[in-house]
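Notes follow the structure.
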Amino acid sequence: MPLSQPIILATLTITTLIFLLSTHLVLIWVALELNTLAILPLIAHKSHPRAIEASTKYFLTQAMASALIIFSGTLNYEMTGSCQIVELTNLTSMIVLTLALFIKVGLVPFHFWVPEVLQGMSTTAAIFLLTWQKLGPLIMLFLISPLINFELTSVVATLSSLVAGWMGLNQTQVRKLMALSSIAQMAWIIVIIKYAPSLAILTFYIYSTTISATLLTLDKMSTTSIKYLIISFSKSPITTTILMISLLSLSGLPPLAGFMPKWLTINQLLAEKAIWIALLMLITSLLSLFFYLRLWYNSSSTMPPSTTNTTRLWRKSTPQSNFTINLLTMATTTLLLSTTLMKAITKQEYSLG
Amino acid sequence: MSPTGTTFMFSFIICTIGLIMYHTHLLSTLLCLEGMMLSIFMALTMLSLDLHTSSFILPLTVLTLSACEAGVGLALLVASARTHNTASLKNLNLLQC
C-alpha cells in the first residue's frame, strides 16, 4: 500500500503530537481514537485470516478502552465541571481511566490481546505497536500520575511481571515471547509512575530502543519460532551477537542499558518504603530472565565446537548486517555510561532516607 | 447526579457488560460498542444543555469519531466474513496459544 502509507504515518505522528501538547480530555481521546484507527491498516495490510483476526481483536479491545476513557471524562465533567485531564478528581472516573489505560497498554488483567495481536502481524509493524502506540496512554498516565492510586498500580505491576514471565515459560513463538516481554517491561514503567514519572518515561525510552533492536534483528533473520534461532549463528554471526546483546539488555543485566532503569526504579521504591513491591518485582523478573536466556541459549548453541542438526531455511535470504540495527544496539550497550552518570547526578534524590 | 445522567450511566454499563459477556456474533459486539458511544453522546449533550455552556463541539466530536469507529468495525466484519467464512467470534481462534 504505497499510497496510504504516508497518510498513516502522518496521522500517527500528528496524533502523538496532540498527546504531547494537550491536556483537554476529549482532545486526547480524539488523538487516541485516530491513533487506533490509523494503525489498523498496518496490522491488516496482508489480507490473510491471521492478520484480519489480529486487527479485529486489536480493534475491539482498543475501542472498548477508548469508550471507557470518554466515559470517565464525561463522569468527571458531570461531577466537577472540568474536562482537563489534570483535574480528574472524581475517584470513580480516576479508577475507570486508569483501568482503561491498562487495557490500552496491555497490562495484566487485560493482557490477553497483546500476544495474539502480535502473532498475527508482521514484525516491522509490531515495532510500531509495541513502542509508538504505547506512547499516548503512557503520556496520559504521566499526566494523571499525581492523582493515581499507588495500590492499584503496584498490584497490577507485580501481577503483570509475574503472569508475563509465567506465560513465557512454555512459549516457543518468538513474537509472542516479545509481546510477553513487553508486558513485563510495562510493569516496570507502571510501578514507578506514581513516585517518579520522569523515571517511567526514561524506562519507556530505553525499553523502546532495546525492543526495536530485538524485533528488527528477528525480522532480519526471519525468525518466527525458537527452532529457527538454532541455525542463526551459522547463517550470520554478527546479527546473532547483536540479538544476544539486545536480549540481555532487555533482561536488565548490569553491563547493558536495560539495567539502569531497573536499578533506579528499585532505588526509588526503596526510598518510598515500598520494600515488598521492590522484592516482588525483582523476584518475578527472574521468570522473564529465564525465557530471555532460553532464546540466548538457542541462538548460541551452534557456535563453532558443536554442529547444527537442523536444516537450513534455504528459501530465506541470508541476512546482512544493517545500519539501523547496529545503531540501536550500540545505543542499548553504550548507554551503560549513563547509568553511572545518572547515579552520580541523582545521588541526593535517590538516597535511602 | 441528575436522573438523566444516572440513566445514561446505566445504559453505558449495560452495554459494556454486553460487550464483555456476549461472544456470539461480531455484529452484536459492534452494536454494544455503538450503544456505549451513543449513551456517552447523549450524556454529553444533556450536560451541555444543563451547564448552559452552549458548546456542542464536544458531543459532535464524540459522535463523529464513534461513526468512524463503527465504519471501521463494519469493514472488519466484512473482512473477517471473507477470510473466516463466518463472522462469529468463536471462530477467531487462529492465534491462540
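The values are calculated or read from the model by the stated rules, or taken from the named source; none is laboratory data. This structure is a prediction, so every number in the text was calculated from the model and none was measured. Positions of Cβ are backbone-derived with ideal geometry, glycine not excepted, and every protein chain shown enters the neighbour counts. For the accessible areas, the whole protein counts, side chains as well, though only heavy atoms, and no ligand, DNA or RNA atoms are used. Shrake-Rupley method; radii C 1.70, N 1.55, O 1.52, S 1.80 Å.
Structure summary
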read-out	value
Residue check for B:Thr16: part of a helix (DSSP H, G or I), under 11 Å from the mean Cα position of the chain (by Cα), touching a residue at least 60 places away in the same chain (Cβ under 8 Å) and surrounded by 17 or more Cβ atoms within 10 Å (Cβ to Cβ)	no
Verdict on B:Thr83 being of a type in the set (S, T, N, Q), free of Cβ contacts under 8 Å to residues at least 24 places away in the same chain and assigned to a helix (DSSP H, G or I)	yes
Subset of the range A:72-89 that is more than 10 Å from chain B (Cβ to nearest Cβ) and free of Cβ contacts under 8 Å to residues at least 12 places away in the same chain - its residue that is least open to solvent (accessible area, probe 1.4 Å)	A:Ser82
Single match in B:Ser55, B:Ser39, B:Ser11 (criterion: in a loop (DSSP other than H, G, I, E, B) and touching a Ser or Thr at 6+ places or on another chain (Cβ under 8 Å))	B:Ser55
Matching residues, the range B:60-80, being under 17 Å from the mean Cα position of the chain (by Cα), surrounded by 14 or more Cβ atoms within 10 Å (Cβ to Cβ) and in contact (Cβ under 8 Å) with a residue 40 or more places away in the chain	B:Ala70, B:Gly73, B:Leu76, B:Leu77
Hits in the range A:216-264 (condition: basic (Lys, Arg) and under 28 Å from A:Ile189 (Cα atoms))	A:Lys262
Those residues of the range A:212-266 which are of a type in the set (Ser, Thr, Tyr), out of contact with any helix residue (DSSP H, G or I) (no Cβ under 7 Å at 6 or more places or on another chain) and either in contact (Cβ under 8 Å) with a residue 60 or more places away in the chain or open to solvent by less than 40 Å² (accessible area, probe 1.4 Å) (or both), in sequence order	A:Ser222, A:Tyr228, A:Ser234, A:Ser236
Residues satisfying the stated conditions in the range A:168-203, i.e. under 15 Å from A:Leu293 (Cα atoms), assigned to a helix (DSSP H, G or I) and either open to solvent by 30 Å² or more (accessible area, probe 1.4 Å) or of a type in the set (Ser, Thr, Tyr) (or both)	A:Ser181
Members of the range A:14-37 that are in a helix (DSSP H, G or I), within 23 Å of A:Gly81 (Cα to Cα) and open to solvent by 30 Å² or more (accessible area, probe 1.4 Å)	A:Ile18, A:Leu21, A:Leu27
Among (1) more than 12 Å from chain B (Cβ to nearest Cβ); (2) open to solvent by less than 10 Å² (accessible area, probe 1.4 Å), the one test that A:Ser55 misses	(1)
Residue within the range B:29-38 that is at the interface with another protein chain (Cβ under 7 Å from one of its Cβ atoms) and touching a residue at least 60 places away in the same chain (Cβ under 8 Å) present	yes
The range A:58-71: number of residues that are open to solvent by 10 Å² or more (accessible area, probe 1.4 Å), more than 7 Å from every other protein chain (Cβ to nearest Cβ) and within 21 Å of A:Gly120 (Cα to Cα)	1
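Okay, residues lined up against (1) within 11 Å of another protein chain (Cβ to nearest Cβ); (2) open to solvent by less than 30 Å² (accessible area, probe 1.4 Å):
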| residue | (1), (2) |
| --- | --- |
| A:Leu91 | no, no |
| A:Met94 | no, yes |
| A:Trp113 | yes, yes |
| A:Leu118 | yes, yes |
